[in-house]
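Input: a single structure, listed below in structure tokens.
The values are calculated or read from the model by the stated rules, or taken from the named source; none is laboratory data. Please read these numbers as outputs of a predicted model, since none were measured by experiment. Using ideal geometry, Cβ is built from the backbone for each residue, glycine included, and neighbour counts are taken over all protein chains shown. To get the accessible areas, we keep the full protein, side chains included, count just its heavy atoms, and leave off ligands, DNA and RNA. Shrake-Rupley method; radii C 1.70, N 1.55, O 1.52, S 1.80 Å.
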Amino acid sequence: MMYIHRVSTLNIKQNETFDIKAECKKVASAYIRRTDRFIQLGLLGVSGLLKVSSGINLGDIDKNTAVFMVSGQGNLAVFSRLCHQRYVEEVPPKPVDFINSLSNTAGFYIAKYLGLESKNLNLAQQGFVVENALLLADANLRTGQETHVLLGGIDEKPEDKTLPHSYLNLPINQAIGEGSNWILLSAKQQDALASIEVSSQQFDSTTIVEYIKNQSGITHVVFGQRMPQNMCEQLRSQINIPLFDCFEHYDFYETNILFVLNRYIEKEQGCLAYIDYFNNVYRVVLVTNTTILDTSI
């Protein structure tokens, strides 16, 4: 069992106008010159960990907190620029672009911004990247390797000419968003906002229904956007648990599960089962808020 102590959310829909650089200057002006949009998206996302919506300062995060940063695609924009410089302009890569192309550069800047000095990992993959990072965080916390883990996902919307519908096998009308969403985890329940559990088990369309029905206390379900609509409707009819309906607030990006979990913690009371899907496999993440946790003590 892990516990969520802080959350921070930056979620941008496909047609939403949002100046990342200008907004990042307001919270991390010293980090603008050598960073690109992907890194600035990360910095702006984690900045919310230092305050709540009312503007109250929550104080610094323990410097020994590990950073686990995940992304579905990584920093594709800088890779595209490097390719253009190398093969179209036929010039050496620009030094800042070359440095920012390293997989963990964003994690470095985020740790520096928050004053963190512990482990700093970057994970990027298609499908279940957040679930796998949660399992890794759980293992680190259970074995005492870390006392706190800052886990976050960054995904930047690709340029219109390289939208990912074909290589991600998405419907052509699927809106593509972007976001930077973060949770601060520990193994301690005291002062937690919620608990979070991720099953290491993989399910098919039959066993996922059995698993959900055998979990007591689930009050809401929500489905990952990779799941076909007909499958969502079929599972809903079999599970018969109310849907946490927040689909209108976000568009597709591969780490938007973190946005959904954070929004549930902030807006709802109960236990949410997030049912994710990739390549005919189902995975489940359970989040239970503190109101439910307190009643069981």
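Some values worked out for this structure:
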item: Pair list, Cβ < 9 Å and 6+ apart or interchain, from region 148-167 residues that are free of Cβ contacts under 8 Å to residues at least 12 places away in the same chain to residues that are open to solvent by 20 Å² or more (accessible area, probe 1.4 Å) and part of a loop (DSSP other than H, G, I, E, B); result: H165/P171; H165/I172; H165/N173; H165/Q174; S166/I172; Y167/Q126
item: Single unsatisfied condition, A66 versus (1) touching a Gly at 6+ places or on another chain (Cβ under 8 Å); (2) at pLDDT 95 or above; result: (1)
item: Flag for I110 being at pLDDT 95 or above, of a type outside the set (S, T, Y), closer than 22 Å to R33 by Cα and assigned to a helix (DSSP H, G or I); result: yes
item: First in region 274-297 and within 13 Å of T219 (Cβ to Cβ) and modelled with pLDDT of 65 or more, second anywhere and assigned to a loop (DSSP other than H, G, I, E, B) and charged (D, E, K, R), Cβ under 8 Å, 6 or more apart; result: N289/E268
item: Flag if Q145 is out of contact with any strand residue (DSSP E or B) (no Cβ under 7 Å at 6 or more places or on another chain) and under 20 Å from V284 (Cα atoms); result: no
item: Selected residue (criterion: surrounded by the most Cβ atoms within 10 Å (Cβ to Cβ)) from residues of region 136-186 that are assigned to a helix (DSSP H, G or I) and among the charged types (D, E, K, R); result: D138
item: Check on F259, touching a helix residue (DSSP H, G or I) at 6+ places or on another chain (Cβ under 9 Å) and over 25 Å from N75 (Cα atoms); result: no
item: Any hit, region 196-209, residues being touching a helix residue (DSSP H, G or I) at 6+ places or on another chain (Cβ under 7 Å), closer than 16 Å to L286 by Cα and of a type in the set (S, T, Y); result: yes
